[in-house]
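Below is one structure, written out as structure tokens, with a few remarks after it.
The values are calculated or read from the model by the stated rules, or taken from the named source; none is laboratory data. Predicted model only: the values in this text are computed from it and were never measured. Quick reminder, even Gly has a Cβ in these numbers, built from the backbone with ideal geometry, and neighbours come from all protein chains shown.
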């Protein structure tokens, strides 16, 4: 008797899942490596500052042979280390994958919006309409990352403090709309190949190019459609349509 065989996993499913696994590994490596080194360096620096402060308190001046402005310079280094730790921890928290398998798309998107508001001080008007009960894992991954990138781009480049997000779907399709009323831009300038965008010499163009390319590629892997509408002074709108099951 022939035993039934499982259908092969769709390439897009595997690619997106592997991407999240790689992201988790990178986050863990950063936390266990550079973050720990910076924390140790900050602890050593704090001890050195205390020793210098004690010497100054006892002698009324910095120890012989050391510059008079040593204390403020050490304080500046400490501030830089603390800022670096904060930036890295912020990055790790932003890109730490949620529990995609266990949580519903509704819960994942609501959590992302709350997190964005708490960390940026911006306001996101979120409207979630009817969603199907069953949504494939790669679809949840893609929609989460697309919204995360869209909100991040809007926060950094649009010059506004409010964003609008709408999510809805049916048994076959999921739709995501993200828009702002910010400064906008010329889409054709950031949709050029990466080398041309870099030739323009603007960090803004390179960042927008990378972000848009990532969003487009995620949608393409799912066989969906990605539409960008923007113009200077008129805000930006992103529309995504992806299948519920892949």
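Quick one: would you say residue 201 is over 17 Å from residue 155 (Cα atoms), in the same structural domain as residue 141 (by TED's automatic domain parsing), modelled with pLDDT under 85 and part of a loop (DSSP other than H, G, I, E, B)?
Taking the combined requirement at face value, the residue satisfies it.
Could you say which residue among 133, 75, 68 is assigned to a loop (DSSP other than H, G, I, E, B), modelled with pLDDT of 85 or more and more than 30 Å from residue 29 (Cβ to Cβ)?
Step by step, each of 133, 75, 68 is checked, and only 133 is assigned to a loop (DSSP other than H, G, I, E, B), modelled with pLDDT of 85 or more and more than 30 Å from residue 29 (Cβ to Cβ).
Among the residues of the range 150-173, those that are touching a helix residue (DSSP H, G or I) at 6+ places or on another chain (Cβ under 9 Å) and either in a loop (DSSP other than H, G, I, E, B) or modelled with pLDDT under 90 (or both) comprise 152, 153, 155, 156, 157, 160, 161.
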